[in-house]
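J.: Below is one structure. I have some questions about it.
The values are calculated or read from the model by the stated rules, or taken from the named source; none is laboratory data. Nothing here was measured: the structure is a model prediction, and the numbers come from that model. With ideal geometry, Cβ positions are generated from the backbone for all residues, glycine too; neighbour counts draw on all protein chains shown.
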């Protein structure tokens with residue numbers, strides 16, 4: 001236990017020290033996120049927070065040189081994602097090119113044995129692994145739309161993974177997830193509203209990819225139902241938000257192709273729709289924290305052989321998501337028609 005607290009402390013302190021330095025460098029070299037029509041902030045913000053997040057995580061992870069083969073794969077894959085995200089923060093890249101590098105990072109992770117083991121076919125497991133890695137990577141990137149939201153959600157998810165891993169004696173998983181948790185908490189000191197720095201794509205995609213890889217690395221349960229339900233609940237908010245914007249953007253005619261889906265940016269995420277309901281940005285973020293805490297708490301408390309519990313939780317999650325998408329769509333339409341008069 002003490003070694004995990006040391007890793008947490010090291011990554012937390014590293015993050016607290018590195019984030020202001022990253023902000024200083026961003027201002028010095030003009031790596032800023034400027035206000036635009038569909039962005040909430042009103043003044044240029046440094047967006048190299050992802051560098052501090054990555055370095056703080058790496059410092060915590062490198063505290064021990066005793067690595068498993070899978071752990072090396074995650075560190076290499078997440079590094080690829082970080083560097084392509086950093087290039088995106090400095091110089092805009094095509095969404096298709098970013099997707100190619102996400103695929104390369106996924107292959108690296110898979111080659112190191114980090115593969116979902118749910119289906120009898122290895123090819124099917126590889127395909128689902130790639131979808132999961134790329135899906136969660138972009139889902140957290142999509143959620144990076146309000147001060148403190150993405151970092152807070154990543155912290156909650158990494159805490160959930162660490163708690164279950166500790167309970168099931170998965171040393172490597174605790175090792176990495178605790179380091180990720182510490183770096184996120186330290187970053188939140190400067191990113192919670194009013195934010196002083198943004199994490200940028202380098203931070204959001206790195207966090208999303210690393211969390212997804214950690215979830216795939218884990219041995220949740222011998223039961224396939226439980227093994228699927230736990231990561232779905234941990235990443236429930238990300239899955240809900242991505243599913244919602246995908247469905248509603250198609251229904252509302254905003255996107256018609258996969259490329260448009262990748263490149264489309266709008267203020268129609270769950271956080272934005274909560275603000276349309278009348279919540280402040282801070283209240284919306286806190287509400288989403290609570291929602292994620294609930295789903296992660298259910299995942300943590302789920303028995304490894306709790307097939308009935310997992311089935312009930314998974315079914316309930318699907319119904320809640322369906323109702324939430326319908327309800328938020330109605331609220332959005334009402335607000336638009338009201339504003340138009």
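J.: Name the residue, out of 322, 299, that is within 26 Å of the chain's Cα centre (by Cα), within 15 Å of residue 248 (Cα to Cα), at pLDDT 85 or above and assigned to a helix (DSSP H, G or I).
T.: Only one candidate qualifies: 322.
J.: Would you point out which residue out of 57, 82, 101 is surrounded by 15 or more Cβ atoms within 10 Å (Cβ to Cβ), in contact with a helix residue (DSSP H, G or I) (Cβ under 6 Å, 6 or more places away or on another chain), part of a helix (DSSP H, G or I) and free of Cβ contacts under 8 Å to residues at least 40 places away in the same chain?
T.: None of the others qualify; the one that does is 101.
Conditions tested, residue by residue: (1) modelled with pLDDT of 90 or more; (2) within 30 Å of residue 186 (Cβ to Cβ); (3) assigned to a helix (DSSP H, G or I).
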position	(1), (2), (3)
196	yes, yes, no
202	yes, yes, yes
242	yes, yes, yes
249	no, no, yes
266	no, no, no
273	no, yes, yes
278	no, no, no
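J.: For the condition more than 14 Å from residue 135 (Cβ to Cβ) and buried (at least 17 other Cβ atoms within 10 Å of the Cβ), what is the one hit in 245, 234, 230?
T.: None of the others qualify; the one that does is 230.
J.: Go through the residues of the range 193-215 one by one and say whether even a single one is crowded, with 24+ Cβ neighbours inside 10 Å and farther than 30 Å from residue 46 by Cα.
T.: yes
J.: Can you report the number of residues in the range 135-176 which are assigned to a helix (DSSP H, G or I) and more than 11 Å from the chain's Cα centre (by Cα)?
T.: 15
J.: In the range 183-198, how many residues are under 15 Å from the mean Cα position of the chain (by Cα) and within 21 Å of residue 79 (Cβ to Cβ)?
T.: 4
J.: Identify, by number, the condition in (1) modelled with pLDDT under 95; (2) out of contact with any helix residue (DSSP H, G or I) (no Cβ under 6 Å at 6 or more places or on another chain) that residue 114 doesn't meet.
T.: (2)
J.: Which one is nearest to residue 29 (Cα to Cα) among residues in the range 85-94 that are more than 18 Å from the chain's Cα centre (by Cα) and surrounded by 14 or more Cβ atoms within 10 Å (Cβ to Cβ)?
T.: Result: 90.
J.: Okay, next question. Take the conditions closer than 20 Å to residue 212 by Cβ and either modelled with pLDDT of 90 or more or surrounded by 14 or more Cβ atoms within 10 Å (Cβ to Cβ) (or both) and apply them to residue 258. Does it pass?
T.: no
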